[in-house]
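The structure under discussion appears below in the form of structure tokens.
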Amino acid sequence: MIENFETYRPLLFAIAYRMLGSAMEAEDAVQEAYLRFQATPPEEIRALKPFLTTIVTRLCLDQLKSARAQRETYVGYWLPEPVRTDDDSEWIKPMSVENAAVTHESVSMAFLILLEKLSPVERAVFLLREVFDFEYSEIADFVGKEEAACRQAFHRARQRVSQQRSRFRASAEARQRITQRFLEASYDGSVEAFMSLLAEDVVAIADGGGKISGAGLYPVIGREKVARLYSGLVHRAPANLTAEVAPINGVPAIILWVDGGVFSIILLEIEGDSITQICNVVNPDKLRHVQDASTGVTRSEPGDAV
């Protein structure tokens, strides 16, 4: 196979999205990597894959450092930008069959939120080792650190992630079933319908970026409070709003549409048979990637929806 930039575009986007939690910023990083690749004389590139991976990794590290300051001024709760993960999504395919579970988990909303607790270097090292299976010697070159420092960063990051990972993650079948039931509860709109699906200590988070009135600035905690919140949202929803269940960030999620445009994306964190967290992304800037990726995708017939 003749190597060229397009050979590694899915890999570069996969790394950048997991590091940044933003499809728009990941695409920008990949495009910048392409420009730098074009500007580099071929004789200076000893091996294309590590060359491009180094560029994208360091661009993401720079972006993460500035993002921390931006998050401090972000209006309300910040959530990662959702992405569609249909079966033909090249960038989400696992590096190996043995790594498939880790690869898919690493794009989940809950996992990306968890990664926010790591330093930029810890995040880069953890992802490059845990998800993409690079050797420590390679990672050291990518991030510009000593190999021993990368090993220490990985073990710190892995310990922190392991402590906070869910111990009872739901199966794919349970996720599909409970997500569908949540959508059906939205048709009903009653507090009781929602309460039957929620864990006692469920947390509801909305990311409106200060651009959507009614998007709460703080998490809502507790079964009854969350049930009343979503019951109220149902009764205030636009009359022309429709819904579908589609693959988002590796799991079934609910996409809400108004007049052909994505209005909201709801992702559920599920343990056992209960919903433990609801992430509702309504910031229009974070819905464009799913909007574009859904163009031409056959959707189920819309019925009465939330």
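Here are the numbers for this structure:
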{"read-out": "Considering residues of segment 249-268 that are out of contact with any Lys or Arg (no Cβ under 6 Å at 6 or more places or on another chain), in contact (Cβ under 8 Å) with a residue 60 or more places away in the chain and not polar (S, T, N, Q) only, the residue most open to solvent (accessible area, probe 1.4 Å)", "value": "Gly250"}
{"read-out": "Matching option when the condition is out of contact with any strand residue (DSSP E or B) (no Cβ under 8 Å at 6 or more places or on another chain) and closer than 20 Å to Ser190 by Cα, among Val226, Val234", "value": "Val234"}
{"read-out": "Yes/no for Val56 being of a type in the set (A, V, I, L, M) and free of Cβ contacts under 8 Å to residues at least 60 places away in the same chain", "value": "yes"}
{"read-out": "Scan of segment 41-65 for residues that are at pLDDT below 95 and polar (S, T, N, Q), ordered by number", "value": "Gln63"}
{"read-out": "Hits in segment 104-140 (condition: basic (Lys, Arg) and either at positive phi or surrounded by fewer than 22 Cβ atoms within 10 Å (Cβ to Cβ) (or both))", "value": "Lys117, Arg129"}
{"read-out": "Condition met for Ala157 (hydrophobic (A, V, I, L, M, F, W, C) and in contact with a Phe, Trp or Tyr (Cβ under 9 Å, 6 or more places away or on another chain))", "value": "yes"}
{"read-out": "Single residue of segment 269-279 satisfying the filter (open to solvent by less than 20 Å² (accessible area, probe 1.4 Å) and of a type in the set (Val, Ile, Thr)) that is modelled with the lowest pLDDT", "value": "Ile270"}
{"read-out": "Candidate set from segment 130-173 (those that are of a type in the set (Ser, Thr, Tyr) and at pLDDT below 95); member that is nearest to Thr53 (Cα to Cα)", "value": "Ser162"}
{"read-out": "Matching residues, segment 213-242, being open to solvent by less than 60 Å² (accessible area, probe 1.4 Å), in contact (Cβ under 8 Å) with a residue 40 or more places away in the chain and out of contact with any Ser or Thr (no Cβ under 7 Å at 6 or more places or on another chain)", "value": "Ala215, Gly216, Pro219, Val226, Tyr230, Leu233, Ala237, Leu241, Thr242"}
{"read-out": "Test set (1) modelled with pLDDT under 90; (2) within 16 Å of the chain's Cα centre (by Cα) - Ile113 fails condition number", "value": "(1)"}
{"read-out": "Number of positions in segment 226-258 that are over 20 Å from Gly216 (Cα atoms), out of contact with any Gly (no Cβ under 9 Å at 6 or more places or on another chain) and among the β-branched types (Val, Ile, Thr)", "value": "4"}
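Here's the yes/no breakdown for (1) in contact with a Lys or Arg (Cβ under 7 Å, 6 or more places away or on another chain); (2) under 22 Å from Val262 (Cα atoms); (3) β-branched (Val, Ile, Thr):
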site: Gln176; (1), (2), (3): no, yes, no
site: Glu184; (1), (2), (3): no, yes, no
site: Gly189; (1), (2), (3): no, yes, no
site: Ala193; (1), (2), (3): no, no, no
site: Leu198; (1), (2), (3): yes, no, no
site: Ala215; (1), (2), (3): no, yes, no
site: Pro219; (1), (2), (3): no, no, no
site: Val226; (1), (2), (3): no, no, yes
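One line per residue, one yes/no per condition, for (1) closer than 30 Å to Leu79 by Cα; (2) assigned to a helix (DSSP H, G or I); (3) of a type outside the set (Val, Ile, Thr):
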position: Arg9; (1), (2), (3): yes, yes, yes
position: Tyr17; (1), (2), (3): yes, yes, yes
position: Val30; (1), (2), (3): yes, yes, no
position: Tyr34; (1), (2), (3): yes, yes, yes
position: Arg46; (1), (2), (3): no, no, yes
position: Leu61; (1), (2), (3): yes, yes, yes
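The values are calculated or read from the model by the stated rules, or taken from the named source; none is laboratory data. The structure displayed is predicted, hence computed values, not measured ones. Because the Cβ atoms are built from the backbone with ideal geometry, glycine has one as well, and the counts that use them run over all protein chains shown. SASA here: full protein model, heavy atoms, side chains in, ligands and nucleic acids out. Shrake-Rupley method; radii C 1.70, N 1.55, O 1.52, S 1.80 Å.
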